[in-house]
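Let me begin by presenting the structure, written as structure tokens, before commenting on it.
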Amino acid sequence: MRAHVPAYQLISPASLGEALDVLARGDGEWQPFAGGTDLMVLLEAGKLPHKNYVNIWNLSELRGIEVTDSQVTLGALTTYTEIQCHETLRAEFPMLCQAASETGGLAIQNRGTIGGNIANASPAADSPPALLVYDAELELVSAKGSRTIPYYAFHTGYKQMDIRPEELLRAIRLPLASKGLTHYYRKVGTRKAQAISKVCFAGVARIDADQIVDVRVALGSVAPIPIRCVQTENALRGQTINTATIDVAKSALRAEIAPIDDLRSTRDYRRRVSLNLLEDFVRELS
Amino acid sequence: MDTQDITTKISVQCTVNGESRTLHAYPMERLLDVLREQLRLTGTKEGCGEGECGACSVMINGRIVNSCLVPVAQVAAASIQTIEGIATDDQLHAVQRAFIECGGAQCGICTPGMVLAAVNLLEREPNPSDREIRDGLAGNLCRCTGYMKIFESVVRACQK
């Protein structure tokens, strides 16, 4: 434990309104603190440079999962455990549930939140590829009001996000549009739990006979941000499932991803695994 | 790095192993450290200090968590159970008896976390498959046993 804890503030406002008022003070002087599964790791390594935190863990306005006819809305504090236990999420958004089950281990899943996962903005995060493929939207709130943006526009660069210092991620909305979709999610890592991915792949497709009517593909750990692979989708959409289609799609994916060498894997391995996963995904559709 | 004190200690009311306690600590202090140093509940161990090994596992409001990742400010009004709260009076829990019978502990440092994870698993799933046992204990690392006697202990606990 390398941090000097009296050098850190963690205040606990009683309501979302109070929390937003604190966040509105100063230009990013205060930052939100949710389940702590990312921030406490940095603290213990002596690498948490920011000092003033607002404890949002107990704010009920940020919890809860609502289901309507057209969408499911998850409060930003929804934990990975809560995601896995929810009947509608399991039925309609199975890749999100699978991602949640493969994040850390049970003790992490009981405290880690979907909002924290998004706002921590690791390109290797497990849930974002599923959220991208499910066309998630984010609701951001501040003391002055709220706005909604599509999740694919949220990450603008490595650890850069479309969120202002006074804003808080309040909810994640998933449109209910998964009838007849095939879902395919693979997290490739060194072991089945407590591993950060080398490559993470999420794909959905709607098939008619042997034709790909619609398709969405997203990957993690192969770019500075989790990415929707629009060129790859364009190469697959409307095509017949065969080797020629797979080859064209693989060329598109190869150009769209930007894997690097790092402590977990290499550029070449990540590229090969990404292409293999794409092929496996398409072959599973037929 | 700037280490100037900018906060003072707070009082946190919670329940620990069924007893009402008041913790006095800096808000960002780890629950792990407060349990061990203030309450002298040293059964909870530090293995990695980064939420990977599970040696620091405790239950908060019925859910297993890594206490090295919980700032004490967040346990206000919470019900915490540590390894010291698993046995009742002078009766070991079936999981603890099974660990003794099957030799599920060598150095013992992972054992409190393993026992808590196993107790938690059996509460959720009284008759787990081998796969479910491995998944249920996937957040707990052991450097001594090679895991097999730990899994046997969990199986033995189910048979009791």
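The values are calculated or read from the model by the stated rules, or taken from the named source; none is laboratory data. Please read these numbers as outputs of a predicted model, since none were measured by experiment. Methodologically, a virtual Cβ is constructed for each residue, glycine included, from the backbone with ideal geometry; neighbour enumeration extends over all protein chains shown.
In segment B:86-99, what count of residues is obtained for those that are of a type in the set (Gly, Ala, Ser) and either surrounded by 18 or more Cβ atoms within 10 Å (Cβ to Cβ) or farther than 27 Å from B:GLU37 by Cβ (or both)?
Number satisfying all stated conditions: 2.
From B:ARG134, B:ARG156, grab the single residue that is in contact with a helix residue (DSSP H, G or I) (Cβ under 8 Å, 6 or more places away or on another chain), surrounded by fewer than 22 Cβ atoms within 10 Å (Cβ to Cβ), in a helix (DSSP H, G or I) and within 12 Å of chain A (Cβ to nearest Cβ).
Result of the check over B:ARG134, B:ARG156: B:ARG134.
As an exercise: evaluate B:ALA117 against (1) assigned to a loop (DSSP other than H, G, I, E, B); (2) touching a Leu at 6+ places or on another chain (Cβ under 8 Å) and give the number of the one condition it does not meet.
Evaluating B:ALA117 over (1) assigned to a loop (DSSP other than H, G, I, E, B); (2) touching a Leu at 6+ places or on another chain (Cβ under 8 Å) leaves (1) as the failure.
Please go through segment A:209-222 and pick out each residue that is modelled with pLDDT of 95 or more and closer than 22 Å to A:ASP247 by Cβ.
Here is the first cut: in segment A:209-222, the residues modelled with pLDDT of 95 or more are A:211-222.
Answer for segment A:209-222, where residues must be modelled with pLDDT of 95 or more and closer than 22 Å to A:ASP247 by Cβ: A:GLN211, A:ILE212, A:VAL213, A:ASP214, A:VAL215, A:ARG216, A:VAL217, A:ALA218, A:LEU219, A:VAL222.
Give the number of residues within segment B:1-41 that are within 27 Å of A:LYS47 (Cα to Cα) and away from chain A (no Cβ under 11 Å). Full working, then the answer.
Within segment B:1-41, the subset within 27 Å of A:LYS47 (Cα to Cα) is B:1-12, B:23-38.
Then keep just the ones that are away from chain A (no Cβ under 11 Å); that gives B:11, B:23-24, B:35-38.
Number of matching residues: 7.
Say we look at segment A:117-155 and pick out the residues that are assigned to a strand (DSSP E or B) and surrounded by fewer than 17 Cβ atoms within 10 Å (Cβ to Cβ); which of these is farthest from the chain's Cα centre (by Cα)?
A:GLY145
Select from segment B:50-70 the residues that are assigned to a loop (DSSP other than H, G, I, E, B) and either in contact (Cβ under 8 Å) with a residue 24 or more places away in the chain or more than 9 Å from chain A (Cβ to nearest Cβ) (or both) and write down the one among them that is nearest to B:ASN120 (Cα to Cα).
The extreme case among them is B:GLY62.
Of the conditions (1) out of contact with any Pro (no Cβ under 8 Å at 6 or more places or on another chain); (2) part of a loop (DSSP other than H, G, I, E, B); (3) at the interface with chain A (Cβ under 9 Å from one of its Cβ atoms), B:GLY47 fails just one. Which one is it?
Against the list (1) out of contact with any Pro (no Cβ under 8 Å at 6 or more places or on another chain); (2) part of a loop (DSSP other than H, G, I, E, B); (3) at the interface with chain A (Cβ under 9 Å from one of its Cβ atoms), B:GLY47 comes up short only on (3).
If you take the residues of segment B:79-98 that are assigned to a loop (DSSP other than H, G, I, E, B) and out of contact with any helix residue (DSSP H, G or I) (no Cβ under 9 Å at 6 or more places or on another chain), which of them is nearest to A:ARG111 (Cα to Cα)? Don't jump to the end; show me each part of the working.
Restricting attention to segment B:79-98, the residues satisfying the condition of being assigned to a loop (DSSP other than H, G, I, E, B) are B:82, B:86-87, B:89-90, B:92-93.
So of that shortlist, the ones also out of contact with any helix residue (DSSP H, G or I) (no Cβ under 9 Å at 6 or more places or on another chain) come out as B:89-90.
Details: B:ASP89: 30, B:ASP90: 32 Å.
For segment B:79-98, the residue satisfying everything is B:ASP89.
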